[in-house]
Amino acid sequence: KLEPLFPGTTYDAAVPAPDTLLRQPLGTFTAHHHEILAALRAMEAKSPRMKVITTGRTHEGRELVCVVIASPENLKRLDAIRADLAKLADPRNLDAGEADRIVKNSPAVAWLGYSIHGDETSGSDASLAIAYHFAAGTSADVTDLLKQVVVVIDPCLNPDGRERILSQFEQGAGYVPNL
C-alpha cells in the first residue's frame with residue numbers, strides 16, 4: 001500500500017492530485033516530460049499559489065519550465081520580490097536603510113532542482129508530489145511556510161536525457177517477465 005508523502009496534511013480538493021493526472025499512480029512508473037508539464041499546468045489552473053514559467057527550450061526542442069509556488073499575496077508581487085532581491089544581489093547602489101527594508105519585507109526563496117542527469121528518473125516524478133503539496137496543501141505546515149518562502153521548482157533540468165533513458169526503459173520492458 002502506498003503511504004502519503006506528507007501524512008496529516010490536508011489538501012484543496014479543487015487542485016488535481018498527480019495520481020488523477022497521470023496514467024498510473026505517481027511513483028509506480030516513470031512519467032514522460034510532456035506528462036509532467038501537463039500535470040503541472042493542470043495544477044496551476046486550479047491553484048492561486050502556482051505559476052508555471054517557460055524558461056527556454058532544450059537542444060531537442062523540449063520546453064524547460066520553472067514552477068513558482070508562494071502565498072497568493074507573494075505570487076501577486078513576484079516581480080517586486082525579484083527586483084528587491086536583485087538589488088541585494090548587487091548592493092553597490094543600495095543604502096543601508098533600503099537593504100534593511102528589503103531583508104525585512106522579502107520572503108526567502110527556495111530553489112528545488114530535480115533530475116540533472118537523464119538517468120536520475122525519480123527526481124522529476126518527485127517534483128510533482130512536492131509541487132502538489134505546496135500548491136494544494138491547506139494545513140498550517142504549508143500555508144504558514146508559503147507566507148515566508150517562495151518555492152521555485154525546476155522539475156527536470158535535463159528532459160532530453162530523461163526521454164532518452166525512458167525510451168531505453170520502454171524498449172527493454174516486455175509483456176512477459178524475463179526471469
_Take L64 and tell me if it is touching a helix residue (DSSP H, G or I) at 6+ places or on another chain (Cβ under 9 Å) and not in a strand (DSSP E or B)._
no
*Report those helices (runs of 4 or more DSSP H) wholly inside the stretch 93-179 carrying at least 1 residues which are over 22 Å from R82 (Cα atoms) and of a type outside the set (S, T, N, Q).*
121-136, 140-148, 159-172
*Considering only residues that are in contact with a strand residue (DSSP E or B) (Cβ under 8 Å, 6 or more places away or on another chain) and open to solvent by 30 Å² or more (accessible area, probe 1.4 Å), look in the stretch 18-45 and name the one that is farthest from F169 (Cα to Cα).*
E44
*Just to be sure, is A80 assigned to a helix (DSSP H, G or I), more than 22 Å from M43 (Cβ to Cβ), among the small types (G, A, S) and over 25 Å from the mean Cα position of the chain (by Cα)?*
no
_Every residue in the stretch 89-105 that is surrounded by 12 or more Cβ atoms within 10 Å (Cβ to Cβ) and among the acidic types (D, E), please._
E98
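Is it fair to say T20 is closer than 21 Å to N158 by Cβ, without any contact (Cβ under 8 Å) to a residue 40 or more places away in the chain and of a type in the set (S, T, N, Q)? Let's see the steps before the verdict.
Values: closer than 21 Å to N158 by Cβ: no; without any contact (Cβ under 8 Å) to a residue 40 or more places away in the chain: yes; of a type in the set (S, T, N, Q): yes.
In short, no.
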*Do we find that A108 is open to solvent by 50 Å² or more (accessible area, probe 1.4 Å) and closer than 22 Å to G161 by Cβ in this structure?*
no
*asked:* I need the full set of residues from the stretch 53-88 which are touching a strand residue (DSSP E or B) at 6+ places or on another chain (Cβ under 9 Å), within 18 Å of R162 (Cβ to Cβ) and open to solvent by 20 Å² or more (accessible area, probe 1.4 Å), in order please.
replied: T54, T55, G56, R57, T58, E63, L64
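Residues that are open to solvent by 80 Å² or more (accessible area, probe 1.4 Å), of a type in the set (F, W, Y), under 26 Å from P4 (Cβ atoms) and within 18 Å of the chain's Cα centre (by Cα): does the stretch 115-133 have at least one? Give the steps one after another, and end with the answer.
Start the filter on the stretch 115-133 by keeping residues that are open to solvent by 80 Å² or more (accessible area, probe 1.4 Å), which leaves 116-117, 119, 122.
If we keep only those that are of a type in the set (F, W, Y) too, we end up with none.
For the stretch 115-133, residues open to solvent by 80 Å² or more (accessible area, probe 1.4 Å), of a type in the set (F, W, Y), under 26 Å from P4 (Cβ atoms) and within 18 Å of the chain's Cα centre (by Cα): absent.
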*So which residues in the stretch 10-48 are of a type in the set (K, R) and outside any loop (DSSP other than H, G, I, E, B)?*
R41, K46
*Within the stretch 108-119, identify whether any single residue is modelled with pLDDT of 95 or more and farther than 19 Å from V52 by Cβ, and answer yes or no.*
yes
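The values are calculated or read from the model by the stated rules, or taken from the named source; none is laboratory data. Everything numeric in this text was worked out from a predicted model, so none of it was measured. Note that we place each Cβ from the backbone using ideal geometry, even for glycine, and neighbour counts take in every protein chain shown. Only protein heavy atoms, including side chains, enter the accessible area calculation; ligands, DNA and RNA are left aside. Shrake-Rupley method; radii C 1.70, N 1.55, O 1.52, S 1.80 Å.
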